[in-house]
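All of the numbers you see were taken from the coordinates with simple rules; none came from a lab. This one's a predicted model, so the numbers in the text were calculated from it and none came from an experiment. Positions of Cβ are backbone-derived with ideal geometry, glycine not excepted, and every protein chain shown enters the neighbour counts.
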Amino acid sequence: MYQACIFDLDGTLADTLDSIAHFGNSALEECGYPAIDREKYRYLVGKGSDLLMRGMLQEVSPKGYTEDDVILLRKTYENLYEQDPMYFVDQYAGMEDMLRELKNRGIKLAVLSNKPHHITSRLITMLYSPGLFNVCYGQRFNVERKPSPEGALEIAKELDAEPKNCLYIGDSNVDMQTGTAAGMDTVGVLWGFRCRSELEQSHAKHIVRHPNEILSIALGEAAAD
């Protein structure tokens with residue numbers, strides 16, 4: 001049995017694709033750009049707000065953009081997003097029940113996201129029951145963002161868990177790279193933003209279709225494909 005499970009947020013614990021696309025396109029339009037197709041956001045998210053803004057600008061401004069463009073778009077996006085971060089956001093089916101069972105079995109739970117820390121904390125507070133997670137971190141100025149293992153290792157230390165006794169769970173290559181670099185076993189989820197081939201190419205140790213499979217892996221009862 002593992003001592004701890006560390007979860008990504010977007011595409012893993014929270015279904016946020018429609019929300020990100022909505023606020024992203026609203027920000028683009030306010031800044032005078034056209035909207036981007038929802039499906040493209042699947043591959044723009046996951047590496048932090050700065051790279052999200054740059055990816056969006058690359059889509060709508062192929063001739064290039066300035067740092068001032070990045071700053072304005074990010075400010076506009078964050079102002080819109082913070083007004084209602086739960087807009088179009090929901091849990092994935094079966095997630096809270098699985099987390100409760102992990103907690104009941106004595107496994108510590110944590111969140112590590114590249115979303116800004118205050119937004120990550122707010123979403124988790126609004127989505128999940130109080131006290132479910134032992135630790136919750138988003139992107140902070142003094143910690144390198146994923147795929148750096150720094151945040152994951154910090155969490156393991158806070159939870160008094162050896163990295164080898166932790167599972168890192170996410171939906172993208174960034175998450176698999178993070179867990180692997182931290183010396184943790186990785187679980188790739190298929191209900192998120194990315195596809196099986198990306199998870200396989202990123203050497204996910206396990207790939208799961210439903211949250212209950214995470215429970216089995218964490219308890220050492222079964223392995224997913």
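Details
- Linear extension gain, residue 90 paired with residue 209, 0.36 nm per residue minus alpha-carbon span: 41.1 nm
- Gain on full stretching of the segment that runs from residue 58 to residue 26 - 0.36 nm per residue minus C-alpha separation: 9.9 nm
- Computed over the alpha-carbon atoms, the range 17-83 gives an Rg to Rh ratio of 0.91, Rh here being the Kirkwood radius from the mean inverse distance.
- Summed over qualifying helices (DSSP H, 4 residues or more, each -39500 (n - 2.57)) and divided by its residue number, the chain shows a 222 nm mean residue ellipticity of -13000 deg cm²/dmol.
- Rg over Rh, two decimals, the chain (C-alpha only, Kirkwood Rh): 0.97
- Residue order for 63, 75, fewest other beta carbons within 10 angstrom first, comes to 63, 75.
- Length gained on full extension, residue 142 to residue 83, computed as 0.36 nm times the residue gap minus the Cα-Cα distance: 18.7 nm.
- For the range 59-184, the average shadow cast by the Cα convex hull is 9.5 nm², which is a quarter of the hull's surface.
- Comparing 85, 116, 130 in a Gaussian network model of the chain, where Cα atoms under 10 Å apart are tied by springs, the biggest mean-square fluctuation is seen for 130.
- Candidates 66, 76, 186: whichever shows maximal mean-square fluctuation once the chain is modelled as a Gaussian network with Cα springs under 10 Å: 66
- Cβ-based net charge around residue 142, under 14 Å, with every Lys or Arg adding one and every Asp or Glu removing one: -1
- This ranking places 22, 203, 210 by how few other beta-carbon atoms lie within 10 Å of each, fewest first, which gives 203, 210, 22.
- The relative contact order of the chain, computed from alpha carbon pairs under 8 Å that lie at least 6 residues apart in sequence, is 25 percent.
- Residue exposure sequence - 129, 113, 61, 49 - by fewest surrounding Cβ within 10 Å: 129, 61, 49, 113
- Computed FRET value (nearest 0.05) for residue 101 with residue 201, which takes r as the C-beta separation and R₀ as 30 Å: 0.45
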